[in-house]
Structure formats: C-alpha cells, structure tokens
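One structure below.
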Amino acid sequence: LVVRVGVMVLLIGVVLLLRLLSEYIEVSIESKLIAIGVIGLGLAGLGLKLAKNRFAYGITLQGAGLAIAYLTTFFAYSVYHVLPSLPSFIGLGALSAMTIALAVRQNAFPLALLALSGGFFAPILTADDTGSLTILFSYYLLLNITIAIIAHYRTWKVLNAFGALVTFSLAYYWGLSEDLTLVIESQRWTWVGLVALHLTLYLFVVIRYAQQIIAYNHVSDAVYEADNGANDYANNHANNHASLAAEITVRQKFKTSDLFIRLYVFPIDTGLLFSIPLLAFGLFSALLNDIPNALTFTSAILAAVYLGLGLLFVKRSQHYALITEGMLALGFGFLALVVPLALDAEWIAFGWSVQGLALVWFGRRSLRAWSVLFGLLLQLVSMVMLIMTLFFSYENYPTL
C-alpha cells in the first residue's frame, strides 16, 4: 500500500515536472521529454525483472513506468506540440499493447490500473493545456480500446468502471463548463462517432464480462456437483476401500476450497449495462438537439440494438436469462422514448420514468435492492420534473 501511494505521488510529481520544464531548465524540450520517457520505460523494465521474486512490488513499478510513458507521450503531442499526430498515436498504441501484454500475461490488475490511470489523468492534471477536445477524446478512445481488449481476457470490473467513469465524467464536465457551440458546429459528426464508438466498446465489455462469469459459474457448479458425487461414493464404500476413506479425510480438510469452487458470482455488470447507454444518450441529445427528429432516430436505433441483442441472447441457454432481461429492458425503454421525442414532449421526465420502471423490474428479478431503490429514485425525480414543467415552465412543452 505504501508503495502504491508513493507511485501516485510520483505520477503527480512527474506531471508538475513536465509542466515546469520549459521555464527553468535550458535544455531543448525534446531532450527533456525523451529523458523522462526513457526513465519511465526503464522503471517498467526494472519492475518486470523484480516481479519474479517480489510480484506486488514489481508490477507496481511496471504500472508507474508505463504511466510515466503515457504522460510523456501525451505532453509531447498535445501540450508541447513537438510530436506529430501519427507518431504519437503509434507510440500510444505501442504503450497500450505493452500494457495489455504485461497485465494479461502476469494477471496483474494493479499494473493495468496504475498504467491506465496515468494515461487517463494526464489531461486532468494539465488543467487547460489539453489542446483540441476532439484529439483528447480520440486519445481516450485508444485507452478505452485497451480496457476492452483486457476485458476480453480478464474480468476486472473495477478497471472497466474506472475507464467509463473518467471518460463520461470528463465529457459531461467539459460539456457543461465550456461553450462548445463552435466545436459542435464544426465537428458534430466526429463527436457523434466518438460517442457511438465508446458506447459500442462498453457494450462489448458488458457482454464479454457476462460470458466469462456465466462460464465460471457453470464450471464451478459442475465441479461442485462432481465433488459431491465423489464424496457420496466414498462415504458409501469407505469400509471396503481404504483409499476412498483417505480421500474423505482430504476433502474434509480442504472443505473451504470446495466452498470457494461453489461460489456464485452475479453474471452482469449492472452498473455499466444501464449507465453507459443513458450517459451516451445524454451526449447524443447535446450534439443532435437542434436537428429535427435526430434524437427520435437515435432512440429508435438504440432500441433496435438492445432489443436485437436481447432476442439474440434469448436463443442462448438459460444461463443468459439475466443479461437477456437487462437488454430487453433497455430496448423497450428506448423504444418508449420514440413517441415523446417525435412529438417534442418533455422527454427527459418521461424517459427517466421508463428507465426507473426498467430498473425496478430488473432489480426485483435479479434480487438487487440497489437497482430497485435507484429505479424508484428515478421515478421520483421524473415526477418532480414533470410537475415543475406543468406548473412552473414558461415554455409551451407538450406533455404526455
């Protein structure tokens, strides 16, 4: 823990160093950036060597070194403009590939989290020196692709949530705090594409997570049933077979491992499943609000995607029942939005009410109390919004 806290302090120190380099040290900025990047990669190499004997310490150093390399590359391209776009994105792609290879090969979640946190927090720590917002979120897209590839091999739920939280939080923050009118007018469809790609990536992450956990639960159930069958057989024949009696003793000794094998894991990342489409739709509404019927078509497309996926999973085994119901709930929710959007009604209150209903239903089906409570909260908020619109709004909003 002390090492990891020290690493986070180190990363902040590196960012401050990168920001002050051009003011106090009379050496070319290219030389300074190359030196810091080499130090970062050297730290990652040292961590790889030490991980053989001191695993936790070694992977922490690897994560710190890769994070420093991400920071340096981002500064070189977006802040100091000494690295052209193509070489910088090739460099970031190579760092992403290195992060994927090391994290998956060593099954090292802290490495992936530290390395990618350095990449995600670089723009935050540089304050206003982030350059073009389109370039910034293209850079975030690359980091999220890295997370999606890791998610194909590892069920690191926290890493998935971290990437989605930082990306969409910053999108909303910059959207609310800055006047993006010119950006939307000049690069509207680029932004629509970026949001759609992020939505697709995290939809893949949700599906892949469900597949892996369902497979794990299925195997663990089979192993547990086989183990119980062996125990029953051994109990019935213990008097005649000394080896089976010894096996009973061994299995009783490792009873805790049997319980671990039987452990059931909830097979859906419910937070990502429901939050990502809602957050993405909010961004679509900001980007397309001034285009007639654009949001209606967007809602219809999302409804078709989620209903199609739900129907696809219906044809799978019963193990996919929960993710099927989640997809269908989202699909019907977006389908219900089509009518108020087409009539230009108070769609936010209506949409939140429908989504709240979907969450309550899903929470009851999956026995998740927080899902029920959050759905009821959405219902309450939508009722308050509708009442305020009816009685206090000076605009002529049609209501349903």
Subject >> Residue tally, condition in contact with a Phe, Trp or Tyr (Cβ under 9 Å, 6 or more places away or on another chain) and open to solvent by 10 Å² or more (accessible area, probe 1.4 Å), over segment 289-301 >> reply: 5
Original post:
Does segment 5-27 contain any residue that is closer than 27 Å to Leu141 by Cβ, assigned to a helix (DSSP H, G or I) and among the small types (Gly, Ala, Ser)?
Top reply: no
Original post:
Is there any pair linking a residue in segment 271-286 that is closer than 15 Å to Ala329 by Cβ to one that is of a type in the set (Phe, Trp, Tyr), with Cβ under 6 Å and at least six apart or on different chains, and which?
Top reply: Leu272/Tyr202; Ile276/Tyr202
**OP:** Being farther than 16 Å from Ser275 by Cα and open to solvent by 90 Å² or more (accessible area, probe 1.4 Å) is the filter; apply it to segment 326-360 and report the residue that is modelled with the lowest pLDDT.
**Re:** Asp344
Original post:
Can you pull out the residues in segment 122-137 that are at pLDDT 80 or above and either assigned to a loop (DSSP other than H, G, I, E, B) or within 14 Å of Val166 (Cα to Cα) (or both)?
Top reply: Leu136, Phe137
Original post:
Which of the following residues is buried (at least 16 other Cβ atoms within 10 Å of the Cβ), part of a helix (DSSP H, G or I) and more than 28 Å from the chain's Cα centre (by Cα): Ile59, Ile36?
Top reply: Ile36
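Here is a yes/no grid of residues against (1) within 29 Å of Asn107 (Cβ to Cβ); (2) modelled with pLDDT under 90:
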position: Leu10; (1), (2): yes, yes
position: Leu17; (1), (2): no, yes
position: Ala35; (1), (2): no, yes
position: Leu46; (1), (2): yes, no
Original post:
Among the residues of segment 270-284, is there at least one that is modelled with pLDDT under 85 and either in contact with a strand residue (DSSP E or B) (Cβ under 9 Å, 6 or more places away or on another chain) or open to solvent by 40 Å² or more (accessible area, probe 1.4 Å) (or both)?
Top reply: no
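The values are calculated or read from the model by the stated rules, or taken from the named source; none is laboratory data. Source: prediction; values computed, not measured. All Cβ positions, even for glycine, are placed from backbone atoms using ideal geometry, and neighbour counts span all protein chains on display. To get the accessible areas, we keep the full protein, side chains included, count just its heavy atoms, and leave off ligands, DNA and RNA. Shrake-Rupley method; radii C 1.70, N 1.55, O 1.52, S 1.80 Å.
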